[in-house]
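Student: Sharing a structure below in structure tokens format, with a few things to ask.
The values are calculated or read from the model by the stated rules, or taken from the named source; none is laboratory data. Computed from a predicted model, the values in this text were never measured in an experiment. Because the Cβ atoms are built from the backbone with ideal geometry, glycine has one as well, and the counts that use them run over all protein chains shown. All accessible areas refer to the heavy atoms of the entire protein, side chains included, with ligands and DNA or RNA removed. Shrake-Rupley method; radii C 1.70, N 1.55, O 1.52, S 1.80 Å.
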Amino acid sequence: MKLIIDTDPGIDDAMAIGYAAADPRIDLIGLTTVFGNVHTPQATRNALRLCDWLGLDIPVASGAVQPRVLPPFPPSHNVHGSEGFGPIPAENAQATAIEEAAPEFLVRMAREHQGALVLCPIGPLTNIAAAIDLDPDFTKRLKACVIMGGSLREGGNINAYAEANIYHDPHAADVVFQAGGNIAMIGLDVTHRTLASRADFDHLANRSPDFGGKLNEMAQSYIDFYETVGKFDGCSLHDPAAVIACIDPDLFAYEPHPLGVVCDGKRSGETCAVLDSRPPVRVATKVDAATLHDQFFETLATLP
Ligand code: BDR
Ligand code: CA
């Protein structure tokens, strides 16, 4: 399966990209970057570093530096560390980003691989909305667009209403959710059920000392954050769940809903099922969390 991940790496983004590199069924053909967990230049640098670490020789295209309408946001340093990978210090990668910007690259890839490309956005949806501006049929050309973001009945994680990726660019999300095509939302309704513990990552580091060891370092600081908000004994596998939904959609149950996004006021970033003529989005509402958990760690453990 041909896959492009649009990402703001980010600790759980690193987990998701590592998973995509490790699963032999996935042909990862590119990464596009966006602001969110870090600023866009850091996201691009981190995406390139992940390619170095994982031995991936694929294009990385740099994307939007700020939301579609809202002013720029401060990155989530409290969750992902000041450079995006928790305690791992900043370092430049060997390779550089391609000259083509993320939206142009996405549009070109969707045309070249018409009907065969799966897109997995795991950051704010700014680049995807920009690709739709360039080509109104962009999402319809994809085999699927599987989004990590939003929440149907679970409430938010940035505040009571909004999930972070949608909160950071609600106007972009609103464009994407009405674009049509095979769009799935892997939101907090399911990612809050997909949990991993400190011991899971320790064990991974023993089996995969190089990449798994790096993920372990990052995960321990990510879990420190989760402990401060007191929600879980461990962390959610937000972004990995979306990548796994690309290759194993049947691990999830879905409800079809036309989705709207609140774009202002205190509920800005909330995703809501609406009664209008928008094409339905497949909203994941249940997950086989035990299978997903084991598959995630078993697959990553195959990396050096
Ligand atoms: C999402 O927000 C980011 O912090 C994570 O990387 C993930 O994509 C979870 O709400
Ligand atoms: Ca992310």
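Student: Which residues, taken from region 166-192, are farther than 13 Å from Ile128 by Cβ, among the hydrophobic types (A, V, I, L, M, F, W, C) and part of a helix (DSSP H, G or I)?
Tutor: Leu188, Val190
Student: Of Tyr222, Tyr226, which residue is part of a helix (DSSP H, G or I), of a type in the set (Ser, Thr, Tyr) and buried (at least 23 other Cβ atoms within 10 Å of the Cβ)? Before you say what the answer is, go through the steps one by one.
Tutor: Working: Tyr226 fails: buried (at least 23 other Cβ atoms within 10 Å of the Cβ).
Tyr222 is the lone residue from the list that is part of a helix (DSSP H, G or I), of a type in the set (Ser, Thr, Tyr) and buried (at least 23 other Cβ atoms within 10 Å of the Cβ).
Student: Out of (1) in contact with a helix residue (DSSP H, G or I) (Cβ under 6 Å, 6 or more places away or on another chain); (2) in a helix (DSSP H, G or I); (3) open to solvent by 70 Å² or more (accessible area, probe 1.4 Å); (4) not small (Gly, Ala, Ser), what's the single condition that is false for Asp250?
Tutor: Going through the list (1) in contact with a helix residue (DSSP H, G or I) (Cβ under 6 Å, 6 or more places away or on another chain); (2) in a helix (DSSP H, G or I); (3) open to solvent by 70 Å² or more (accessible area, probe 1.4 Å); (4) not small (Gly, Ala, Ser), Asp250 breaks only (1).
Student: Identify, please: which residue in region 1-34 is of a type in the set (A, V, I, L, M, F, W, C) and open to solvent by 10 Å² or more (accessible area, probe 1.4 Å) and is, among those, nearest to Ala101 (Cα to Cα)? First the steps, then the outcome.
Tutor: Going residue by residue through region 1-34, those that are of a type in the set (A, V, I, L, M, F, W, C) are 1, 3-5, 11, 14-17, 20-22, 26, 28-29, 31, 34.
Imposing the further condition that a residue be open to solvent by 10 Å² or more (accessible area, probe 1.4 Å) reduces the set to 1, 21-22, 26, 28-29.
Values: Met1: 23, Ala21: 23, Ala22: 27, Ile26: 24, Leu28: 18, Ile29: 16 Å.
Here the answer is Ile29.
Student: Separate question: Six or more apart or on different chains, Cβ under 8 Å: which pairs go from a residue in region 7-32 that's farther than 20 Å from Gly86 by Cβ and of a type in the set (Asp, Glu) to one that's away from ligand 2 (no atom under 12 Å from the Cβ) and not in a helix (DSSP H, G or I)? Could you list them?
Tutor: The qualifying pairs are Asp27/Met1; Asp27/Lys2; Asp27/Leu3.
Student: Then there is this: With the requirement that a residue be over 22 Å from Pro256 (Cβ atoms) and within 16 Å of ligand 2 (Cβ to nearest atom), what does region 146-161 give you?
Tutor: Answer for region 146-161, where residues must be over 22 Å from Pro256 (Cβ atoms) and within 16 Å of ligand 2 (Cβ to nearest atom): Gly156, Asn157, Ile158.
Student: List every residue pair whose Cβ atoms lie under 9 Å apart, where the two residues are 6 or more positions apart in sequence or sit on different chains, the first residue falls within region 245-267 and is farther than 24 Å from Ala290 by Cα, and the second residue, located anywhere, is among the acidic types (Asp, Glu) and surrounded by fewer than 19 Cβ atoms within 10 Å (Cβ to Cβ).
Tutor: Close Cβ pairs satisfying both conditions: Pro258/Asp276; Gly260/Asp276.
Student: Residue check, Ala160 against (1) out of contact with any helix residue (DSSP H, G or I) (no Cβ under 9 Å at 6 or more places or on another chain); (2) not in a loop (DSSP other than H, G, I, E, B), all met but one. Which one?
Tutor: Of (1) out of contact with any helix residue (DSSP H, G or I) (no Cβ under 9 Å at 6 or more places or on another chain); (2) not in a loop (DSSP other than H, G, I, E, B), only one is false for Ala160: (2).
Student: Hey, Arg25 hits all of (1) within 11 Å of ligand 1 (Cβ to nearest atom); (2) part of a loop (DSSP other than H, G, I, E, B) but one; which does it fall short on?
Tutor: (1)
Student: Check off (1) within 16 Å of the chain's Cα centre (by Cα); (2) within 12 Å of ligand 1 (Cβ to nearest atom) for Ala144 and give me the number that stays unchecked.
Tutor: For Ala144, the exception is condition (2).
Student: Take region 157-185 and flag every residue that is over 18 Å from Tyr254 (Cβ atoms), among the small types (Gly, Ala, Ser) and open to solvent by 30 Å² or more (accessible area, probe 1.4 Å).
Tutor: Correct list: Ala160 only.
Student: Can you confirm whether region 65-86 contains a residue that is within 16 Å of ligand 2 (Cβ to nearest atom), of a type outside the set (S, T, N, Q), part of a helix (DSSP H, G or I) and open to solvent by 20 Å² or more (accessible area, probe 1.4 Å)?
Tutor: Looking for residues that are within 16 Å of ligand 2 (Cβ to nearest atom), of a type outside the set (S, T, N, Q), part of a helix (DSSP H, G or I) and open to solvent by 20 Å² or more (accessible area, probe 1.4 Å), one finds at least one in region 65-86, hence yes.
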